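Structure first, commentary second.
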Amino acid sequence: MTRRRLWWLILLSVVGLFVSLRPVISQATTGNGAGFTIQMVPNPRQTTGVTNYFDLTVKPGQTGTLQMRVINLTKENLHLQLASNTGYTTCNGNEAYDLAKLGTRSTAQYHLNELLKTPAKLTLAPTATKLVTVPYQIPETGFDGVLEGAFYFLNLSSGVSQSTNQRGFYLHNRYAVALGLVLRQNTTPVVKPKLVLKKIGTGIEQRKKFSPAISVKLANVAPQLLKKLTIDGRIYDQNSRLKYRTKRTGLGMAPASNFDYLINTGNKRLSAGKYRLRLVATAGKKRWVFNRQFTITKAAADQANAETPRDWRWLWWSLLIVLVLLVLWLAYRFGKYQAEKKSA
């Protein structure tokens, strides 16, 4: 074997190692849509200028109806589950309407399913259209601020099956359409959003590849929407050194709702100890600042770390370097042996 062929062999071996260690990325299957659409029928109590969701100005004790057209876009029978759900705030800081029972997620004075008589199920023939009528009754005592949520239409047929990163585990997508609903007694907001800090704990930040995180429970305790929210959360150690920071923009909170704002560690292991939180939240001209000392116990830190997959990339790179050095060393020894054999 000549030296030129030897070095080509070494180069191909190194390239082969890089290729074999490269991660494989799979693409998720995309769906074909919900298969139906919802059209809002104009209502005489609708707020002027709002056309893509219900926004009604009502009075205490008032009754009325809301109407929607449901259109089956497929050539098959369509089976839908209907609900009038109160809005809540997800862990990602966005509003959602997919849950009928909110538990501690909401402290609203009334939930929409208490005021509206929404049919539970609906069946449509292929390409058919149906008019859905929903009666409502406003409480005699009225309510403060706004009641906000949506009519939630869920297609009961399973969608496309999608594999996950766990062996033998699949997700079956179901498609839904939400039509927003806001009830108010005044067109001019008289109740302002109010943000409070409830508690501090630990959690897992899924957006950052399941990083350990400091969990800060924030609550919008007022019956008013909180839009265009920016949150800048910082964690300092006992020596006032910045340890972790997470800043997010474009968030929103439903009225009388709460969620856990996660300040991730950047995939680093979380350590027990004493820390200080400084969190600044802004929405338009409103600004809230929270400063609080807190302690993370060893049990809480261990739990957050245990639920977080370890990042082993450093080990793979170390093994790669060792293998490359080994190949180079073997090539050197082989070349030296061949040279000595030739000279002998």
Jot down the per residue volume, in cubic angstrom and as a whole number, of the convex hull over the alpha-carbon atoms of the stretch 50-89. 160 Å³
Isotropic mean projected area of the C-alpha convex hull, the stretch 36-184 (nm²): 10.7 nm²
Quick one: if you take sqrt(5λ) for each eigenvalue of the C-alpha gyration tensor of the stretch 234-310, what semi-axes come out, biggest first, whole angstrom? 25, 16, 12
So what does log10 I(q)/I(0) come out to for the stretch 175-224 at q = 0.26, 0.29, 0.30 Å⁻¹, using the Debye formula with one equal point on every Cα and no solvent? -0.93, -1.03, -1.07
Can you tell me which aspartates and glutamates have their Cα less than 14 Å from the Cα of K227? Leave out same-chain residues fewer than eight positions away. E95, E148
Going down the list K192/K247; K59/K121; K101/K268, which pairs span over 31 Å between their C-alpha atoms? K101/K268
With all pairs of different alpha carbon atoms counted, what Kirkwood hydrodynamic radius in Å does the stretch 167-259 show? 16.7 Å
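Laboratory data are not the source of any read-out in this text; all were calculated from the coordinates shown. Not measured: the values here are computed from a predicted model.
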